[in-house]
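Peer 1: Sharing a structure, written as structure tokens. Questions coming.
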Amino acid sequence: MNYRITHRTLYEYAAPVTVSHHVTRLEPRAADGQACADFAMEIFPAPTLLQERADYFGNRLCFFSIQEVHSKLEIVTQSRVSVAPRENSAAENSPAWERVAELFRDPVSPEVVEPYEFVFDSPQVRASFDLAGYARESFSEGTPLLAGAADLTRRIFGDFKYDPKATTVATPLEEVLEKRRGVCQDFAHLGIACLRSLGLPARYVSGYLRTHPPEGQPRLVGADASHAWFSVFCPDAGWVDFDPTNNCLAGEEHITVAHGRDFGDVSPVAGILTGGGAHEVKVSVDVEPLD
Amino acid sequence: MSDADNSGKIREQTPMFQSQTQLPSMDAAAVKGAAEGLLASCQQNASAFDEFLGVDGRPRPHYAKLLSALENFTAPELRRRRDTSERLVHEQGITYHVYGDPRGVERPWQLDPIPLVIAPEEWRSLEAGLIQRATLLNKILADCYGNQELIRSRWLSPAMVFAQPDFLRPLHGVKVPNDTFLHFYAADLARSPDGRWWVMSDRTQIPTGAGYALANRLVTSRILPEPFRDNHVHRLAGFFRDAQSALAQLAPRQAGTARVVMLTPGPHNETYFEQAYLARYLGYMLVEGQDLTVRDNQVFLKTLSGLERVDVILRRVDDDFCDPLELRNDSILGVPGLVEAVRAGNVVMANALGSGLVQSPAFMPFLPGLCERLLGEKLKLPSVATWWCGQKDARSYVLDHLGEFVVKPAFRSHLRAPDPEKPLNKAELAELKRHVEFDPDLFVAQERVELSTASIFENGGLAARPITLRVFLAATERGFRVMPGGLVRVSPDAGGKFISMQHGGSSKDAWVISETPVEEVTLLHTAGANVELRRTGNNLPSRLADNFFWLGRYSERADATARLLRSALLRFNPERAGGGRSLIAPLLQTLEAQGQLPGISAKPELLQNAEAFEAELLAAIFDPARTGSLHSTADHLQRLATQVRDRTSNDMWRVLSQLNDRLATPTSSLVLLAGDATGVLNETLIGLAAFHGLARENMTRAQAWRFLDMGLRLERAVYLCTLLEATLRSPDAENPSLLEAVLEVVDSRITFRSRYTLLPSVPAVFDLVLLDDKNPRSVLFQINQLAKHFEKLPPEREDAPGSGKNVLAKCRARLNQTDARELAAPHDAWRNSELAAVVRETLETLPKLSDAIAAGYFAHSEISRTGRGTEQ
């Protein structure tokens, strides 16, 4: 599947900003069955300094500074991405989850060092007895890993209500678990925390989701949004992505931008400004299918 | 880790403290009998190593000189020296912040006068072990932040790195000059009963304490000058000189203009004293994150005169707090963009960002293997027996022996460690076991140690207390160098096993002695080097300018408050009808307007009751809880003085702290008499005069002094105008007694008498106090001084709303056109006089002037953040 993606972020500041530094992770990854061509980024006002590189997790990162007084910042990215269909091996044939967890307990083979990074607590995702308890309902003894993860995805989808007003980025997982409400970011964190509480490696994926207009209506331009889901490591299949907000496996309609331990590693646009005061942000995303 | 590696590790763990051969048995009485004189009172703990006495109960040879010197002192002499030590600590303001202490944050540093003495040969072997250890830890850091060969070749468990919050991923792959991560390193050492030294903990993040060690040295060498000289004690200055020159070498710019700054989290940090002390000793500017800014990937200091490049940052801020953009984004202590500047090689951090990684105790069991792997040598200095529960075998061993060990978090974490001093009950043990099994990587277990003891001076004699020794290393061009000495920390109780300054421990100096006389070094001279002469001092960070300005304002506020209250108390006479209060009405109104006597004019009943009125005046002096009271103003002063600690002299600090002590004494215990209070006010005024005198005579005429003086002038103008305005409103304004009181408050009585032989008249008083530009206590004088300061300052910020200079010029012109003879007219005509209007206008203008100064020079640019979760 081929897409043209336009992501526009506009900040309007209440007070003038004298200097600002930003880190963005907006360029879709080119790996794991996904190719990205013609990525372009435009920034207004033009930065004094701009540097691109790969971050620790291999995501494309852009650092830029604006050193003139400004009260607006606009970042527009455009990219053409093609996503190959994912081969999803039968979940029932995946290894029992305990066997996978065992791989990541001492002594750990250096062959699995890469996924091993994602077993541990990270700043926004901490394992706990409660989360392990919630997870165990999907992972009874001997449950094949991917079957358990699919069931966990289904349960998060069923047990939790999508509610953009219920949480902020600072809401701790314990509270999400208690309120049973949140947004895609919370559900992705929840899934990751559950898996890590069982000793399984799981990571956070940020990206876009193609949306379908209601039957018979034209597609609305710019009405899409950033999205997030989680991914679990399975020794035979590699990383397998689950979307608990939509109760599905990530497929051709999920476009990966970046992955990391949690949201903090992949925040699409982060900035620290001198001045600025309160600000308003407008984000519009357009995922246009080209096929 | 492979199983083979594991078994090796575990075997290395067991034979440590507990299993040392016991000392030759010797009962306490025999020991006691053997020691004479001073040491006779010293109870030895037979199971611990005694630093002073050998197993035979006789002083160890390297203590001979010190102990014989101490024996020669009489008890009163010893006590006197101890008292001197306490006084020196107090006067130098050596403090340590204790978190959560209701008595306030600052606690005087506890220093025992008797040093720990370390023999030359013992020190040489410690030195070799410490240098090896620092080199090793640095190599491990270089590997973890580089190609991670140690993980791939199974010498290091991946969890040791990846599970640690102190592994800072954004710093992975970032080169540091000479591969030096640890510019400073400290280790806590303890001595086991058999006399061997062990490392209890490694400090690689922010190795604190060297400044306290230096402060201890200055005090101890002063109270024990004879034994200090006779023992040939190694000096500490050479260590700091080497460290200083190594830091200067790191600067990316090598043009002699390189600037090193010390980054502090601020005055609330527990070791702020040490930061200010070291910054002053090493000649570095002490800055907070908000004083720095990143432009073009370079770090700059924001000064009143513009931006100045910074090359090296000696940090006292935890590394993950150093950049809210790439590290912890909730940090308010850091500098946005710093990591990118480091990555670009434009600034060097000491220690390198990320170096906290290897201070985790989880590394300890791996060090012997890593040492052989990386240095090809055996580890010389062992660590206290430590088991990291992330290893299978270690875990099961720990779980089997849980109650015997100190179990603590392996990494910096949210987990709360059990109190090591308290044995765990059954339920607590079960809970601990559950946690260890659930998240084993997060725990280590360590052997409980029997610390060695050293004698302290207590109740006129000596007593043995457990100690640990913190030692310090710095990376120099010739490898690591050890500071010959250290910070000895002393447990508050005889059986203590864990020592923390947070929990009331004391400290000692450590003397590394030499067989031969030692080289005298000092930081002050670098023989033969080219000395660059500097005279400007005009690079004051705007935050400090702000602090100096308020220091000036508060010192003058205290002065005015004390004067007004003193004159009011002296004139208040219960014998007279109404207590003579109508004649002090302008004073009371001024105190009300300035906040010392809030709402007093609305409480006529208070004015009728002499006792209640007097109590009100006393509260305005002593009540620390009353906003605006003299006591609370003195508190403010001291707090501000703390903020500019590295920029003011010890004398200024001392004067302010005495001021506070004086006002703090009588709060509850005394029923105060007005007479006592005037005495305190007199002393306060003398103290403030001393402060102002020191400021005038000892501060160079650079920006710090200017802002201090501007604050003082502005505050004085405010209270003068308030008082004059109240005087004009008073129906008794023409009463000479009232005018006398006004002259007394503004300290112009003598001047008046020398000019006029008559009783004071309104026009004459106003001419002197409002308009006489020769009278340093007149309003016009203050305004003229402010104008002079403005001339010397860099231009105000362009984006500041309203210029202070313009505000001031207008005010000055108005005053110059005014004539006090207007007030010769009858009283009721005053209200509409030009002069009254000028006084009112000036009073309204002054706060605007203060705002304009703040906007023009201090303007703290608020930091804001974007992009914390735009996803749906």
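No lab work stands behind these numbers, since they all come straight from the coordinates. Everything quoted here is computed from the prediction, not taken from an experiment. Cβ: placed from backbone, ideal geometry, glycine included. Neighbour counts: every protein chain shown.
Peer 1: If you add up the charges near A:Ser82, with Lys and Arg at +1 and Asp and Glu at -1, over every other residue whose beta carbon is less than 10 angstrom from its beta carbon, what do you get?
Peer 2: Combined, the nearby Lys, Arg, Asp and Glu give -1.
Peer 1: Continuing with the same structure: What is the local net charge at A:Tyr11, summed over the other residues whose Cβ is closer than 12 Å to its Cβ (Lys, Arg +1; Asp, Glu -1)? If you can, show how the numbers build up before the last one.
Peer 2: On the way: positive: A:Arg8, A:Lys72, A:Lys282, B:Arg865; negative: A:Glu12, A:Glu74, A:Glu280.
Within the 12 Å Cβ shell, the charges total +1.
Peer 1: What order do you get for B:Leu570, B:Leu688 when you list them from fewest to most C-beta neighbours inside 10 Å?
Peer 2: Numbers: B:Leu570 15, B:Leu688 22.
Placing the least packed residue first, the sequence is B:Leu570, B:Leu688.
Peer 1: Then there's this: Give me the net charge of A:Trp229's neighbourhood, meaning all other residues with Cβ under 9 Å from the Cβ of A:Trp229; Lys, Arg count +1, Asp, Glu -1. Mind showing how you got there, number by number?
Peer 2: Numbers: positive: none; negative: A:Asp241, A:Asp243.
Net local charge, A:Trp229 excluded: -2.
Peer 1: Here's something else I'd like to know. Which is farthest toward the positive dipole end of region B:682-839 among B:Phe766, B:Met699, B:Gln785, measuring Cα position about the Cα centre, with Cβ charges +1 (Lys, Arg) and -1 (Asp, Glu)?
Peer 2: It is B:Met699.
Peer 1: Would you mind giving the mean number of other chain beta-carbons within 10 Å of the Cβ of each residue in B:342-348, as a whole number? Mind dumping the intermediate values first?
Peer 2: Numbers: counts 0, 3, 2, 0, 0, 0, 0.
Whole-number average of other-chain Cβ neighbours for B:342-348 is 1.
Peer 1: Determine, for A:Asp243, A:Asp163, the number of other Cβ atoms within 10 Å of each Cβ, and report the residues in order from fewest to most.
Peer 2: On the way: A:Asp243 25, A:Asp163 13.
Exposure proxy ranking, most exposed first: A:Asp163, A:Asp243.
Peer 1: Residue by residue through B:151-160, how many Cβ atoms from other chains fall within 10 Å of the Cβ on average?
Peer 2: Going residue by residue through B:151-160 and averaging, the value is 4.
Peer 1: Using only Cα atoms, find the angle between the long axis of helix A:184-197 and the longest principal axis of chain A, and express it within 0 to 90 degrees, rounded to the nearest 10.
Peer 2: 40
Peer 1: Hey, what number do you get for chain B at 222 nm if only DSSP H runs of n ≥ 4 count, each worth -39500 (n - 2.57), divided across all residues, to the nearest 500? Show your work: numbers first, answer last.
Peer 2: Numbers: 29 runs with 367 residues, N = 872.
Result for chain B, helices only: -13000 deg cm²/dmol.
Peer 1: Residue separation times 0.36 nm, minus the C-alpha to C-alpha distance between B:Arg87 and B:Lys603: what's the value? Walk me through the numbers before you get to the answer.
Peer 2: Working: separation 516, 0.36 × 516 = 185.76 nm, distance 4.61 nm.
Gain in length upon complete extension: 181.2 nm.
Peer 1: Here's something else I'd like to know. I'd like to know which of B:Ala726, B:Ser803, B:Pro826 lies farthest towards the positive end of the charge dipole of region B:542-858, counting +1 on Cβ of Lys and Arg and -1 on Cβ of Asp and Glu.
Peer 2: Of the options given, the answer is B:Ser803.
Peer 1: For region B:197-319, rounded, prolate or oblate, judged on the Cα gyration tensor with a ≥ b ≥ c (square roots of eigenvalues), a/c < 1.5 rounded, else prolate if a/b > b/c?
Peer 2: Numbers: a/c = 2.12, a/b = 1.86, b/c = 1.14.
Prolate.
Peer 1: How many angstrom lie between the Cα centre of region B:127-190 and the Cα centre of region B:601-627?
Peer 2: If we compute the Cα centre of each part, the gap is 64 Å.
Peer 1: By its C-alpha gyration tensor, with a ≥ b ≥ c as the square roots of the eigenvalues, how is region B:371-500 shaped: rounded for a/c under 1.5, else prolate for a/b larger than b/c, else oblate?
Peer 2: On the way: a/c = 2.46, a/b = 1.19, b/c = 2.06.
Because a/c hits 1.5 or more and a/b fails to exceed b/c, region B:371-500 counts as oblate.
Peer 1: Next question, about the same structure. What is the set of long-range amide H partners of B:Phe52 at a cut-off below 5 Å, with H atoms built 1.01 Å from backbone N?
Peer 2: B:Ser455
Peer 1: So for the pair B:Gln817, B:Asp773, with labels modelled 7 Å out along Cα→Cβ, what separation do we get in nm?
Peer 2: It is 1.6 nm.
Peer 1: Right, next: Only helical DSSP H runs with n ≥ 4 go in: add -39500 (n - 2.57) per run for chain A, normalise by residue count and round the 222 nm mean residue ellipticity to 500 deg cm²/dmol. Provide the component values of the computation, followed by the final result.
Peer 2: On the way: 7 runs with 59 residues, N = 291.
-5500 deg cm²/dmol, from helical runs alone.
Peer 1: Would you calculate the separation in nanometres between label points at B:Arg196 and B:Leu402, each defined as 7 Å from the Cα along the Cα-to-beta-carbon direction?
Peer 2: For B:Arg196 paired with B:Leu402, the spin-label model returns 3.0 nm.
Peer 1: Moving to a separate point now. Work out the FRET efficiency for B:Ala809 and B:Arg696 from their Cβ-Cβ distance, taking R0 = 25 Å, and round it to the nearest 0.05. Write down the numbers at each step before the final one.
Peer 2: Details: r = 26 Å, r/R0 = 1.03.
Here the calculated transfer efficiency is 0.45.
Peer 1: If you count, for each residue, the other Cβ atoms within 10 Å and average over each peptide, how do B:360-368, A:133-141 line up from highest to lowest? List each step's numbers first, then the result.
Peer 2: Values: B:360-368: 23.0, A:133-141: 16.2.
The most tightly packed comes first, giving B:360-368, A:133-141.
Peer 1: Further question: Once you sort the root eigenvalues of the Cα gyration tensor of the protein assembly as shown as a ≥ b ≥ c, which label holds: rounded (a/c under 1.5), prolate (a/b larger than b/c) or oblate (the other case)? Spell out each step's value before the answer.
Peer 2: Working: a/c = 2.15, a/b = 1.28, b/c = 1.67.
Because a/c hits 1.5 or more and a/b fails to exceed b/c, the protein assembly as shown counts as oblate.
Peer 1: Taking the Cβ-Cβ separation of B:Arg60 and B:Glu734 as r and a Förster radius of 60 Å, what is the calculated FRET efficiency to the nearest 0.05?
Peer 2: Between B:Arg60 and B:Glu734 the formula returns 0.10.
Peer 1: Follow-up question, since we're still on this one. By per-residue mean of other Cβ atoms within 10 Å, what is the highest-first order of A:269-280, A:114-125? Provide the component values of the computation, followed by the final result.
Peer 2: Values: A:269-280: 19.9, A:114-125: 22.2.
Final packing ranking: A:114-125, A:269-280.
Peer 1: Relative contact order for chain B: what is it in percent, counting Cα pairs under 8 Å that are at least 6 residues apart? All intermediate terms of the calculation are to be shown ahead of the outcome.
Peer 2: Values: 1448 pairs, mean separation 115.3, N = 872.
Answer for chain B is 13 percent.
Peer 1: Taking the alpha-carbon distance from B:Lys788 and a cut-off under 22 Å, which lysines remain once sequence neighbours fewer than 8 residues away in the same chain are dropped?
Peer 2: In chain and number order, the partners are B:Lys774, B:Lys805, B:Lys810, B:Lys848.
Peer 1: Continuing with this model, one more query. So, in Å, what gap is there between the alpha-carbon centers of region B:726-740 and region B:346-423?
Peer 2: 76
Peer 1: With a cut-off of 8 Å between alpha carbons and a minimum separation of six or more residues, what is the relative contact order of chain A in percent?
Peer 2: Working: 639 pairs, mean separation 88.4, N = 291.
With pairs under 8 Å counted, the relative contact order is 30 percent.
Peer 1: What FRET efficiency do you get for A:Lys165 and B:Asn832 if R0 is 51 Å and r is their Cβ-Cβ distance, rounded to the nearest 0.05? Mind dumping the intermediate values first?
Peer 2: Numbers: r = 62 Å, r/R0 = 1.21.
It comes to 0.25.
Peer 1: Please give the charge dipole size of the protein assembly as shown, origin at the Cα centre, charges +1 on K and R Cβ atoms and -1 on D and E Cβ atoms. Round to the nearest 20 debye.
Peer 2: On the way: 125 positive and 147 negative charges, 551 e Å.
In debye, rounded to 20, the protein assembly as shown gives about 2640.
Peer 1: Show the residues, 5+ positions off or on another chain, whose built amide H is closer than 5 Å to the amide H of B:Tyr96.
Peer 2: B:Arg107, B:Trp109
Peer 1: Under a straight-distance cross-link criterion of Cα-Cα below 26 Å, which lysines are reachable from B:Lys65, leaving out those fewer than 8 residues away in the same chain?
Peer 2: Once the sequence-local lysines are set aside, what remains near B:Lys65 is B:Lys32, B:Lys508.
Peer 1: Let me ask something else. Just to confirm the number: angle between the C-alpha axis of helix B:237-250 and the first principal axis of chain B, 0 to 90 degrees, nearest 10?
Peer 2: 90
Peer 1: Which of the aspartates and glutamates could a cross-linker span from B:Lys603 if the Cα-Cα distance has to be under 15 Å and same-chain partners fewer than 8 positions apart are dropped?
Peer 2: B:Glu592, B:Glu611, B:Glu614, B:Glu616
Peer 1: Subtracting the Cα-Cα distance from 0.36 nm times the residue separation, let me have the gained length for B:Glu458 to B:Leu685 in nm, one decimal.
Peer 2: Values: separation 227, 0.36 × 227 = 81.72 nm, distance 3.85 nm.
Residue separation times 0.36 nm, minus the Cα-Cα distance, leaves 77.9 nm.
Peer 1: Sticking with this one: Fewest Cβ neighbours within 10 Å first, please rank A:Ile5, A:Ile192 accordingly.
Peer 2: Values: A:Ile5 23, A:Ile192 29.
Lowest to highest Cβ neighbour count: A:Ile5, A:Ile192.
Peer 1: Per residue of A:221-228, how many C-beta atoms from partner chains lie within 10 Å of its own C-beta, taken as a mean? Could you put the intermediate results ahead of the total?
Peer 2: Numbers: counts 0, 0, 0, 1, 3, 4, 2, 3.
Mean inter-chain Cβ contacts per residue within 10 Å come to 2.
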